[in-house]
Amino acid sequence: MGCIRVDKITEYLCDPLQRCLKDDDPYVRKTAAICVAKLYDINAELVEDRGFLDSLKDLISDNNPMVVANAVAALAEIQENSSGPIFEITTPTLTKLLTALNECTEWGQVFILDALSRYKASDAREAENIVERVTPRLQHANCAVVLSAVKMILQQMELITSTDVVRNLCKKMAPPLVTLLSAEPEIQYVALRNINLIVQRRPTILAHEIKVFFCKYNDPIYVKMEKLEIMIKLASDRNIDQVLLEFKEYATEVDVDFVRKAVRAIGRCAIKLERAAERCISVLLELIKIKVNYVVQEAIIVIKDIFRRYPNTYESIIATLCESLDTLDEPEAKASMIWIIGEYAERIDNADELLESFLESFPEEPPQVQLQLLTATVKLFLKKPTEGPQQMIQVVLNNATVETDNPDLRDRAYIYWRLLSTDPEAAKDVVLAEKPVISDDSNQLDSTLLDELLANIATLSSVYHKPPDAFVTRAKTATQKTEDDDYPDGNETRYSETLSNAANGGASPPSSSSVPHAAARRPAPALATPAPAAVPDLLSDLIGLDNNQIVPADQPATSSGPPLPILLPAGSGQGLQISAQLVRQDGQIFYSLLFENNTQITLDGFMIQFNKNSFGLAAAGPLQVPPLAPGASARTLLPMVLFQNTSTGPPNTLLQVAVKNSQQPVWYFNDKILLHVFFTEDGRMERTSFLETWRSLPDSNEVLKEFPGIMVTSAEATLDRLAASNMFFIAKRKHANQDVFYFSAKIPRDIPFLIELTTIIGNPGVKCAIKTPNPEMAPLFFEAIETLLKA
């Protein structure tokens, strides 16, 4: 019954739920505890009013450990969806949870340990007692229990002041973490990602266990890469010889990516450990002598970093590097070698000849190489102002200013030109200034992020190394109450948000937060039948995910609706036709796509990527499209996130998309971003607030545009259409024989738009004036309003 997300059902659910929470059978009580969490997701107020939260807290004192575990899981879930304090562990509660921990099932233990990890002990003594009770969990056979216990111990260790206790705990945590590395590769990977975080905070735990991270021949590549990262973090003066032998061995493997990472790891160890730098360089020189192209190129890249870390120390090896000049074909390796030549031009007799060999192909080189070549030539000229470098600098500056389209390169060249022509001494001070010494980057996470990730050990967060809110959109259950819409004729249409979803063409079920207890009021373009209610499963609710935002891999989200514009015709896509458009549903932006297979083969393995754009639009998850048989089509809704991949420059409407599948090459096409898709549901302003904002913005922020070809035939229909796109009507007045309408809208980052539309109903011609703190967005807004008025 808790899975039936319909308000009327919840009324019938309350009484039996009340009885079941106090049932004699523990199986009934533990199931009822989960039902409370489900009910809270549907109607939070009802759960609070009927006292279910108090009943749930009482279950923590239950004599059955499984009931206690489920009560903890339900309360933790409710707490995450609530803004106020719901589940606070007190000293008596703590004792009950620690007692239940020894007796409940393994997943029950995980729930209790996760709850305990959020408890802040009052002093070091209490923290030691808690850790003592939890330490036996480290010997558990279930990996999840082990990692949850590690997380809990790490949190409490922050409060423990005794160095002996901390040292003993570090010793106790090492064996279970090592044991995780003997599991299957997938579990090894999860364990390694978590260990990566743990050793950044407490490297002593595994300082003596570096051998367990040595790669085995049959390890999958993703396990090998992660082991390499941890080995760099654990490398010390005591074990560096062992580590370098391993890295040198890896550098002769067959997997190119792994070899590159191994060579780079040698360089990172050199930067991290000053005493070992010379040994690291010796290994790199031995690898260069092997003459394997990609090894040589990677070695040059890391030696450049070593030079930056230890200036004027190891320059004697430059001659060896110069021998490999002809084999370089990768941009980063070329740029690194050019940097070395430019930086040490006074020590290289034939530096001008070496740089000249690169100048011949200057126009064809990638920007990274061109920029380094420009700087290196200027350094050479300043260090050796002879005839050869003088001619070279003229050629380079001419190429970089006249014959390039790259603004970065052109700007840098003009700055150098101006410096050299006005004050060569100032140019020396700028270009040949002492460089800051680079530091070791092996602990690359900042302490705040690391704290958050350590608090989320044994979750996806610790595998992605991202905080949960970076990849999980959690729906809040707070009821949104909206004011009555104010229309000139006093009419308003009321209908629930569910109908709004269906009217917008979305067949995917609305999330719980989209169906408030009191139905939202919005002007309706058309009524449609409600979308079927979603049935969430128990596990998803327990781990705090909103079912309705999860799309199973074998069942892509589909959407029926108006026809989409064709962006990749079948003629251009070798038989694959793609239609797509950005849409807004339930307060979220989706990319609605239709794939049509007009080829003779089945197409599968679809993936999508978006180029940098003005709004940083990017996919919130993978593209879910089933295999397409010949003649078949599939429609899907791809959730989008904002401000992930933002381009520079003035805002524009260009959205560049790349789509690939397993059978065809990558297809590129352009789409248009329409601003009204970004209009948020909270863009309504009160009249007084509208007036104050309008007056507070300077006249320079007002932009006007006329649309002579557009005619408004019905004020009511236009208002409804604009309201459906979150342009909210404020007021209306008469000016001479014209009607003047005022609207408000808002886009993410709280950027408001105040709109004035002037027209004569039934006559062609609409004048639009907008005021906004960001007037550079005006052209995009006018495109959107034109689209809405023409619809």
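The values are calculated or read from the model by the stated rules, or taken from the named source; none is laboratory data. Computed from a predicted structure; not experimentally measured. Don't worry about glycine lacking a Cβ; one is built from the backbone with ideal geometry, like all the others, and counts go over all protein chains shown. Just the protein is used for accessible areas: all its heavy atoms, side chains included, with ligands, DNA and RNA removed. Shrake-Rupley method; radii C 1.70, N 1.55, O 1.52, S 1.80 Å.
Exactly one residue among GLU48, GLU106, GLU88, GLU80 is open to solvent by 20 Å² or more (accessible area, probe 1.4 Å), charged (D, E, K, R) and farther than 30 Å from LEU138 by Cβ, and that residue is GLU48.
Would you call THR404 more than 21 Å from LYS334 (Cα to Cα), modelled with pLDDT under 90 and surrounded by fewer than 19 Cβ atoms within 10 Å (Cβ to Cβ)?
Spelling it out, it is not the case that THR404 is more than 21 Å from LYS334 (Cα to Cα), modelled with pLDDT under 90 and surrounded by fewer than 19 Cβ atoms within 10 Å (Cβ to Cβ).
Looking at PRO367 and the list (1) of a type outside the set (Phe, Trp, Tyr); (2) outside the structural domain of ARG412 (by the TED database); (3) touching a residue at least 40 places away in the same chain (Cβ under 8 Å); (4) open to solvent by 50 Å² or more (accessible area, probe 1.4 Å), which single condition is not satisfied? Among (1) of a type outside the set (Phe, Trp, Tyr); (2) outside the structural domain of ARG412 (by the TED database); (3) touching a residue at least 40 places away in the same chain (Cβ under 8 Å); (4) open to solvent by 50 Å² or more (accessible area, probe 1.4 Å), PRO367 violates only (2). If the condition is being open to solvent by 40 Å² or more (accessible area, probe 1.4 Å), within 13 Å of GLU229 (Cα to Cα) and not hydroxyl-bearing (Ser, Thr, Tyr), then the range 175-192 contributes no residue at all. When only residues in the range 301-317 that are part of a helix (DSSP H, G or I) and either in the same structural domain as GLU343 (by the TED database) or open to solvent by 10 Å² or more (accessible area, probe 1.4 Å) (or both) count, which is farthest from GLY267 (Cα to Cα)? Per the stated criteria, the residue is SER316. Within the range 624-631, the presence of a residue that is closer than 18 Å to LYS672 by Cβ, open to solvent by 10 Å² or more (accessible area, probe 1.4 Å) and out of contact with any Asp or Glu (no Cβ under 9 Å at 6 or more places or on another chain) is excluded. Against the conditions (1) touching a strand residue (DSSP E or B) at 6+ places or on another chain (Cβ under 8 Å); (2) of a type outside the set (Lys, Arg); (3) farther than 21 Å from GLN588 by Cβ, where does ALA745 fall short? Just the number, please. In the conditions (1) touching a strand residue (DSSP E or B) at 6+ places or on another chain (Cβ under 8 Å); (2) of a type outside the set (Lys, Arg); (3) farther than 21 Å from GLN588 by Cβ, ALA745 misses (3) alone. The single condition among (1) modelled with pLDDT of 85 or more; (2) over 20 Å from GLY108 (Cα atoms) that ALA37 does not meet is (2).
Does LEU638 satisfy the condition of being in contact (Cβ under 8 Å) with a residue 24 or more places away in the chain, open to solvent by 40 Å² or more (accessible area, probe 1.4 Å) and on the phi < 0 side of the Ramachandran plot? Talk me through it step by step, then tell me what you get.
Numbers: in contact (Cβ under 8 Å) with a residue 24 or more places away in the chain: yes; open to solvent by 40 Å² or more (accessible area, probe 1.4 Å): no; on the phi < 0 side of the Ramachandran plot: yes.
When the stated conditions are applied, LEU638 does not pass them.
Among the conditions (1) assigned to a helix (DSSP H, G or I); (2) open to solvent by 20 Å² or more (accessible area, probe 1.4 Å); (3) aliphatic (A, V, I, L, M), the only one that VAL254 does not satisfy is (1).
Those residues that are under 30 Å from PRO775 (Cβ atoms), without any contact (Cβ under 8 Å) to a residue 60 or more places away in the chain and not in a loop (DSSP other than H, G, I, E, B), I need them from the range 642-671; list them, please.
THR646, LEU654, GLN656 - these are the residues of the range 642-671 that are under 30 Å from PRO775 (Cβ atoms), without any contact (Cβ under 8 Å) to a residue 60 or more places away in the chain and not in a loop (DSSP other than H, G, I, E, B).
When PHE590, PHE606, PHE610 are checked against the criterion of being within 16 Å of ASN670 (Cα to Cα), under 28 Å from the mean Cα position of the chain (by Cα) and in contact (Cβ under 8 Å) with a residue 12 or more places away in the chain, a single residue qualifies: PHE610. Restricted to the range 193-209, and to residues that are under 28 Å from the mean Cα position of the chain (by Cα) and without any contact (Cβ under 8 Å) to a residue 40 or more places away in the chain, which residue is most open to solvent (accessible area, probe 1.4 Å)? Per the criteria, the residue is PRO203.
When the range 598-623 is filtered for residues that are open to solvent by less than 20 Å² (accessible area, probe 1.4 Å), outside any loop (DSSP other than H, G, I, E, B) and under 15 Å from SER662 (Cα atoms), only LEU603 remains. A Cβ distance below 9 Å, combined with a sequence gap of six or more or placement on separate chains, defines the contacts here; from the range 326-354, residues that are of a type in the set (D, E, K, R) reach residues that are assigned to a loop (DSSP other than H, G, I, E, B) in the pairs LYS334/LEU328; LYS334/GLU365; LYS334/PRO366; GLU343/PRO311; GLU343/LYS435; GLU346/LYS384; ASP352/LYS384; ASP352/THR386. Taken over the range 635-649, the criterion of being out of contact with any Pro (no Cβ under 6 Å at 6 or more places or on another chain) and closer than 26 Å to GLY587 by Cα is satisfied by ARG635, LEU637, LEU638, PRO639, MET640, VAL641, PHE643, GLN644, ASN645, THR646, SER647.
When the residues of the range 266-300 are filtered to those that are β-branched (Val, Ile, Thr) and over 18 Å from SER336 (Cα atoms), the one that is surrounded by the fewest Cβ atoms within 10 Å (Cβ to Cβ) is ILE290.
Assess whether PHE669 counts as being surrounded by 13 or more Cβ atoms within 10 Å (Cβ to Cβ), hydrophobic (A, V, I, L, M, F, W, C), in contact with a helix residue (DSSP H, G or I) (Cβ under 9 Å, 6 or more places away or on another chain) and modelled with pLDDT of 90 or more. So PHE669 fails the test.
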